[in-house]
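A.B. asks: Quick one: this structure, given as structure tokens, is what I'll be asking you about.
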Amino acid sequence: MAQKYHILISGGGTGGHIFPALSIANALKRRLDCNILFVGADNRMEMEKVPAAGYEIEGLPVAGFNRKNLFKNIPVLMKLWKSISKARKIVKDFRPDIAIGVGGYASGPTLKAAQKAGVPTLLQEQNSYAGVTNKLLASKAKKICVAYEGMERFFPADRIVLTGNPVRKDLIEARKEKGKARQSFGLDADRPTVLVVGGSLGARTLNESMEARLRDLTDRGIQVIWQTGKNFGDRGPKAAKGLKGTVVTQFINDMASAYAAADLVVSRAGASSISELQNLGKPCVLVPSPNVAEDHQTKNALALVNKDAAVMVADAEAQAELVDTVLTLIGDKERLAVMERNIAAMALTQSDDKIVEEIVKILKENN
């Protein structure tokens with residue numbers, strides 16, 4: 001009888017970590033007979049999203065370091081000590097055959113505990129600039145799955161595998177014709193359409209830029225699907241009141257149709273968002289978040305800009321430049337076509353299955 005594997009997956013904090021982790025888990029379930037346990041950070045979104053997807057999760061009281069005020073890190077260190085202790089207990093009780101880290105607060109203590117217990121580990125680095133946690137764990141990892149070339153400046157070259165970032169299957173499989181996708185939002189099938197999306201919490205700079213100049217877009221006959229996130233309250237609908245051809249919502253349930261409807265996407269430059277845009281071949285304006293470690297979103301965006309696959313607007317300049325950039329691009333069909341070809345050429349497909357292939361190799365070697 002085939003062995004039933006115990007697999008630990010750790011990380012989270014943002015959708016950019018959680019959705020790839022769930023994609024890997026789903027691909028593992030398709031391939032292996034296995035029990036999967038997630039380890040996340042208490043009070044972060046994985047504690048809700050992972051059980052909703054049908055998986056068990058344990059929470060650690062871990063939190064991020066405050067780089068601006070070092071004195072505020074005393075309680076953070078206490079939480080880290082408790083997290084290390086709890087992670088050791090989880091590893092001891094669950095007895096995983098492999099531990100997978102996808103980045104985020106919880107993956108540090110969990111993967112370190114696994115490595116100390118002699119459990120083989122695999123890391124998944126989503127960004128073009130490696131995160132601190134993965135850099136610290138890399139020396140003892142069996143394999144490091146990456147989404148960008150040139151990652152040997154962060155990791156041992158002989159352990160790197162270029163797999164890409166897993167993308168939600170529903171986005172790839174539910175491709176709709178552009179006109180029909182627009183009509184599903186109550187929009188005109190034939191008018192140029194821009195999708196503005198800033199994640200589940202929203203992106204304040206994107207929202208305030210749209211709020212100030214939404215009319216400039218609609219006056220030019222451009223339709224807008226604007227996902228504000230929950231932190232923007234009712235300011236989005238107020239800005240759109242009386243303007244034809246706008247859909248403003250805190251959350252988009254049908255992202256496949258939203259992407260399909262758009263001629264151009266305005267987005268932050270998180271790794272998961274970029275992988276989705278690549279897989280769907282969507283021209284985009286990227287506004288990197290300034291509130292991330294090592295400014296990695298700017299580095300993610302530049303990897304596309306350098307191949308003429310995207311346009312970047314700095315966060316500090318977005319209020320002045322974002323809408324004008326959109327207006328220029330949406331009227332230049334040749335430029336949009338070039339960007340569409342170039343971003344699609346960067347796509348790494350079937351990433352979840354490629355990562356699982358590496359996991360299976362490690363399990364077989366260790367058996």
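The values are calculated or read from the model by the stated rules, or taken from the named source; none is laboratory data. Bear in mind that the values here come from a model prediction, so they are computed numbers and not experimental data. Glycine also receives a Cβ, built like all others from the backbone with ideal geometry; neighbour counts cover every protein chain displayed. The protein model used for the area step is the full one, side chains on, heavy atoms only, and it has no ligands, DNA or RNA in it. Shrake-Rupley method; radii C 1.70, N 1.55, O 1.52, S 1.80 Å.
A.B. asks: Could you please tell me which pairs satisfy a Cβ distance under 8 Å, a separation of 6+ or placement on different chains, a first residue in segment 234-256 that is on the phi > 0 side of the Ramachandran plot, and a second residue that is of a type in the set (Asp, Glu) and open to solvent by less than 80 Å² (accessible area, probe 1.4 Å)?
C.D. replies: Sorted first by the residue in segment 234-256, then by its partner, the pairs are Gly245/Asp188.
A.B. asks: Being at pLDDT below 95 and either touching a Lys or Arg at 6+ places or on another chain (Cβ under 7 Å) or open to solvent by 80 Å² or more (accessible area, probe 1.4 Å) (or both) is the filter; apply it to segment 346-367 and report the residue that is nearest to Arg168 (Cα to Cα).
C.D. replies: Ranking the candidates gives Gln350 first.
A.B. asks: Which of the numbered conditions does Val266 fail, given that it passes all the others? Conditions: (1) within 18 Å of the chain's Cα centre (by Cα); (2) open to solvent by 30 Å² or more (accessible area, probe 1.4 Å); (3) of a type outside the set (D, E, K, R).
C.D. replies: Every listed condition holds for Val266 apart from (2).
A.B. asks: Moving to a separate point now. Count, please, the residues in segment 110-168 that happen to be in contact (Cβ under 8 Å) with a residue 60 or more places away in the chain, touching a strand residue (DSSP E or B) at 6+ places or on another chain (Cβ under 8 Å) and of a type in the set (Val, Ile, Thr).
C.D. replies: Here the count works out to 4.
A.B. asks: Quick check on my filter: what residues within segment 79-118 are of a type outside the set (Lys, Arg) and more than 27 Å from the chain's Cα centre (by Cα)?
C.D. replies: Taking segment 79-118 first, the residues of a type outside the set (Lys, Arg) are 80-81, 83-85, 87, 90-91, 93-94, 96-111, 113-115, 117-118.
Within segment 79-118, Trp81, Ser85, Asp93, Phe94, Ala117, Gly118 meet the criteria.
A.B. asks: Further, regarding this structure: Would you confirm, using the coordinates I've provided, whether Val305 is at pLDDT 95 or above, crowded, with 24+ Cβ neighbours inside 10 Å and either of a type in the set (A, V, I, L, M) or over 24 Å from Gly131 (Cα atoms) (or both)? Give the steps one after another, and end with the answer.
C.D. replies: Details: at pLDDT 95 or above: yes; crowded, with 24+ Cβ neighbours inside 10 Å: no; either of a type in the set (A, V, I, L, M) or over 24 Å from Gly131 (Cα atoms) (or both): yes.
Here the answer is no, as Val305 does not meet what is asked.
A.B. asks: Across segment 308-334, which residue is surrounded by the fewest Cβ atoms within 10 Å (Cβ to Cβ) among those that are farther than 20 Å from Val224 by Cα and without any contact (Cβ under 8 Å) to a residue 12 or more places away in the chain?
C.D. replies: So, considering only residues that are farther than 20 Å from Val224 by Cα and without any contact (Cβ under 8 Å) to a residue 12 or more places away in the chain, the one surrounded by the fewest Cβ atoms within 10 Å (Cβ to Cβ) is Glu334.
A.B. asks: Quick one: in segment 216-233, of everything that is without any contact (Cβ under 8 Å) to a residue 40 or more places away in the chain and in contact with a strand residue (DSSP E or B) (Cβ under 7 Å, 6 or more places away or on another chain), which residue is surrounded by the fewest Cβ atoms within 10 Å (Cβ to Cβ)? Talk me through it step by step, then tell me what you get.
C.D. replies: At the first step, the residues of segment 216-233 found to be without any contact (Cβ under 8 Å) to a residue 40 or more places away in the chain are 218-219, 221, 224, 226-233.
Subset that is in contact with a strand residue (DSSP E or B) (Cβ under 7 Å, 6 or more places away or on another chain): 218, 224, 226-228.
Details: Thr218: 17, Val224: 22, Trp226: 26, Gln227: 25, Thr228: 28.
In this case the residue turns out to be Thr218.
A.B. asks: Now a separate question. Would you be able to say whether some residue in segment 192-215 is at pLDDT 95 or above, closer than 22 Å to Ser257 by Cβ and open to solvent by 10 Å² or more (accessible area, probe 1.4 Å)?
C.D. replies: yes
A.B. asks: If we keep just the residues of segment 181-205 that are part of a helix (DSSP H, G or I) and touching a residue at least 12 places away in the same chain (Cβ under 8 Å), which is farthest from Glu317 (Cα to Cα)? Show your work before the answer.
C.D. replies: Narrowing segment 181-205 to residues part of a helix (DSSP H, G or I): 181-184, 204-205.
Checking the rest, the ones that are also touching a residue at least 12 places away in the same chain (Cβ under 8 Å) come to 181-182, 184, 204-205.
On the way: Ala181: 32, Arg182: 30, Ser184: 33, Arg204: 13, Thr205: 9 Å.
This residue is Ser184.
A.B. asks: What is the residue count in segment 17-29 for residues that are open to solvent by 10 Å² or more (accessible area, probe 1.4 Å), out of contact with any Lys or Arg (no Cβ under 9 Å at 6 or more places or on another chain) and modelled with pLDDT under 95?
C.D. replies: So in segment 17-29, the residues open to solvent by 10 Å² or more (accessible area, probe 1.4 Å) come out as 17, 19, 22-23, 26, 29.
Next, from what is left, pick out any that are out of contact with any Lys or Arg (no Cβ under 9 Å at 6 or more places or on another chain): 17, 29.
With modelled with pLDDT under 95 added as a condition, the list becomes 17.
Count: 1.
A.B. asks: Tell me which strands (runs of 3 or more DSSP E) are completely within segment 64-168 and hold 1 or more residues being touching a Pro at 6+ places or on another chain (Cβ under 7 Å) and within 29 Å of Glu276 (Cα to Cα), or say none if there are none. Spell out the reasoning first.
C.D. replies: Numbers: elements: 98-101, 121-125, 143-146, 160-162.
It comes to 98-101, 121-125.
A.B. asks: Residue by residue through segment 228-264, note down the ones that are within 16 Å of Gly186 (Cβ to Cβ), in a helix (DSSP H, G or I) and among the hydroxyl-bearing types (Ser, Thr, Tyr).
C.D. replies: Ser257, the sole residue that qualifies.
A.B. asks: A follow-up question, please. What are the residues in segment 206-227 that are small (Gly, Ala, Ser) and either in contact with a helix residue (DSSP H, G or I) (Cβ under 7 Å, 6 or more places away or on another chain) or in a helix (DSSP H, G or I) (or both), if any? Break it down stepwise before answering.
C.D. replies: So in segment 206-227, the residues small (Gly, Ala, Ser) come out as 209, 212, 221.
Of everything in segment 206-227, those that are small (Gly, Ala, Ser) and either in contact with a helix residue (DSSP H, G or I) (Cβ under 7 Å, 6 or more places away or on another chain) or in a helix (DSSP H, G or I) (or both) turn out to be Ser209, Ala212.
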